[in-house]
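In what follows, a structure is listed as C-alpha cells, so that the remarks can point back to it.
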Amino acid sequence: MNAPAPQSTGSTPGAARIVAITSGKGGVGKTFVSANLAAALAQQGKRVLVLDADLGLANLDVVLNLHPKTTLHDVFTGSATLAQALLPAPGGFTVLLAGSGLVEYSRLTPQIREQLTQVIDTVRPRFDVVLLDTGAGISDVVLYTISLADEVIVVATPEPTSLTDAYATIKVLAMQQERRRVNLLVNQVARSGDGRVIAQQLRQVIDRFVCGATGQSFSLELLGDVPADTGVRHAVVKRQLLMSLQPGAPASQAIVQIASQLSKLPTFKAPEATT
C-alpha cells in the first residue's frame, strides 16, 4: 500500500495549523483527547475546529452529546453547505461531524480525496487550529487524512499492543509520507514520567529500524502524558468534556499542559506532495 506524500498545506499567515490526531489501534482515547484538547486550546483564546475524520465510524458526536442534523456526509453529497455543517460545541470550539456506519467511506476514492482536501482548504482561513480526529490504523483513508496535516499526534497507551501499533503507524508516516517529526501523547499512564520512558523506548526502535533503513533523521517529540483518572470514565459516561466537568482533575491539567506544548511547537511545513 503506497500512501500519498503529505500535501502542500503548510502553514501560511492567517491560516490554521492542521493537526492530525491518530492512533495505531482503537480504544486508546483518541477522540476524548481530541475533544478535550480542543477545549484547552479554546481556553487559550484560539479559534479551534475539530473535524471528525473517522468518516465511517464517527463518534465525536457521542463524546460531546450532540445530535447533528447536518454532517460532513451531507456536505459531500451536496445536500448541505459546509457552513450548515459547522456546529458550536461545548467547550467553546467548533465541530464538523461525520456520519457513522457509512460503508462508502471505508476505502479511499478520488472523490473522497478531492472532497476532504477542499473542505480543509475552505475551513483553514477561518480558524487558528484544525484538529483532524482520524480513524485508527493505517488504512488508505486514514493515511490520506493524515497527509493533509502539518502536524501529527499519535495517541498511545502503555499497553504493549498499543505501543506496537503506534510504532507501526510512526514507521509508515516516516517511510511513506517522509515525515521527519511526529508528536507522541501517552494516555492512561499509571505514574507521572511514564510517557518519557515510553517515548525513549520508541525512539530507540525508530533509530534502529527507521532511521537506519532510510538514512534520514527523525524526531519523535513527547507532547506529554495523561494520567489514568477516574474522572475520565465519569465524563465519558455523562457525555461531557472532562475539561468542563472536572477542570481540576489530573487528566484535565495534563491536557492543558499538552495544549501549551502544542502551541509552542515551531511551525512545521510538511513535504510537498508528489504526483
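Tally time: how many residues in the range 237-251 are over 14 Å from Val33 (Cα atoms) and either loosely packed, with under 14 Cβ neighbours inside 10 Å or under 21 Å from the mean Cα position of the chain (by Cα) (or both)?
3
If Ser192 satisfies all but one of (1) hydroxyl-bearing (Ser, Thr, Tyr); (2) closer than 24 Å to Leu41 by Cβ; (3) part of a helix (DSSP H, G or I), what's the number of the condition it fails?
That leaves (3) as the condition not met.
Would it be correct to say that Thr77 is of a type in the set (Ser, Thr, Tyr), within 28 Å of Ile138 (Cβ to Cβ) and without any contact (Cβ under 8 Å) to a residue 12 or more places away in the chain?
On the way: of a type in the set (Ser, Thr, Tyr): yes; within 28 Å of Ile138 (Cβ to Cβ): yes; without any contact (Cβ under 8 Å) to a residue 12 or more places away in the chain: yes.
Yes.
Within the set of pairs 6+ apart or on separate chains, which have a first residue in the range 176-195 that is at positive phi, a second that is crowded, with 16+ Cβ neighbours inside 10 Å and in a strand (DSSP E or B), and C-beta atoms under 9 Å apart?
Gln188/Asp225; Gln188/Val226; Gln188/Pro227; Gly193/Asp225
Taking only pairs six or more apart or across chains, which ones have beta-carbon atoms under 6 Å, a first residue in the range 200-225 that is within 16 Å of Ile153 (Cβ to Cβ) and free of Cβ contacts under 8 Å to residues at least 60 places away in the same chain, and a second residue that is of a type in the set (S, T, N, Q) and crowded, with 19+ Cβ neighbours inside 10 Å?
Every condition considered, the pairs that remain are Glu221/Asn183.
In this structure, does Leu163 turn out to be in contact with a Pro (Cβ under 8 Å, 6 or more places away or on another chain) and at pLDDT 95 or above?
On the way: in contact with a Pro (Cβ under 8 Å, 6 or more places away or on another chain): no; at pLDDT 95 or above: yes.
No: the conditions fail for Leu163.
Would you point out the residue of the range 171-198, among those that are among the aliphatic types (A, V, I, L, M) and over 18 Å from the mean Cα position of the chain (by Cα), that is surrounded by the fewest Cβ atoms within 10 Å (Cβ to Cβ)?
Filtering the range 171-198 for residues among the aliphatic types (A, V, I, L, M) gives 172-175, 182, 184-186, 189-190, 197-198.
After this cut, where a residue has to be over 18 Å from the mean Cα position of the chain (by Cα) as well, the list is 175, 189-190, 197-198.
Numbers: Met175: 16, Val189: 20, Ala190: 9, Val197: 14, Ile198: 21.
The selected residue is Ala190.
Scan the range 124-138 and tell me whether some residue there is among the acidic types (Asp, Glu), within 20 Å of Arg17 (Cβ to Cβ) and assigned to a helix (DSSP H, G or I). So that I can check it myself, show each step before the final result.
The initial filter retains those residues of the range 124-138 that are among the acidic types (Asp, Glu), namely 128, 133.
After this cut, where a residue has to be within 20 Å of Arg17 (Cβ to Cβ) as well, the list is 128, 133.
So of that shortlist, the ones also assigned to a helix (DSSP H, G or I) come out as none.
No, that holds for no residue.
Restricting to the range 141-161, name every residue that is over 19 Å from Leu265 (Cα atoms) and either part of a strand (DSSP E or B) or more than 16 Å from the chain's Cα centre (by Cα) (or both). Can you show your working first?
As a first pass, look at the range 141-161 and keep what is over 19 Å from Leu265 (Cα atoms): 141-145, 156-161.
Selection gives Ala156, Pro158, Glu159, Pro160, Thr161.
So if I check each of Glu114, Glu151, which one is of a type in the set (D, E, K, R) and over 18 Å from Leu173 (Cα atoms)? Before the answer, list the steps.
Details: Glu151 fails: over 18 Å from Leu173 (Cα atoms).
So the residue among Glu114, Glu151 that is of a type in the set (D, E, K, R) and over 18 Å from Leu173 (Cα atoms) is Glu114.
Which count do you get for residues in the range 159-170 that are buried (at least 21 other Cβ atoms within 10 Å of the Cβ) and either of a type in the set (Val, Ile, Thr) or at positive phi (or both)? Before you say what the answer is, go through the steps one by one.
The first filter runs over the range 159-170 and keeps only residues buried (at least 21 other Cβ atoms within 10 Å of the Cβ), leaving 162, 165-166, 169-170.
Restricting the remaining residues to those that are either of a type in the set (Val, Ile, Thr) or at positive phi (or both) gives 169-170.
Residues in the range 159-170 being buried (at least 21 other Cβ atoms within 10 Å of the Cβ) and either of a type in the set (Val, Ile, Thr) or at positive phi (or both): 2 in total.
The values are calculated or read from the model by the stated rules, or taken from the named source; none is laboratory data. Just so you know, these numbers come straight off a predicted model, no measurement behind them. Using ideal geometry, Cβ is built from the backbone for each residue, glycine included, and neighbour counts are taken over all protein chains shown.
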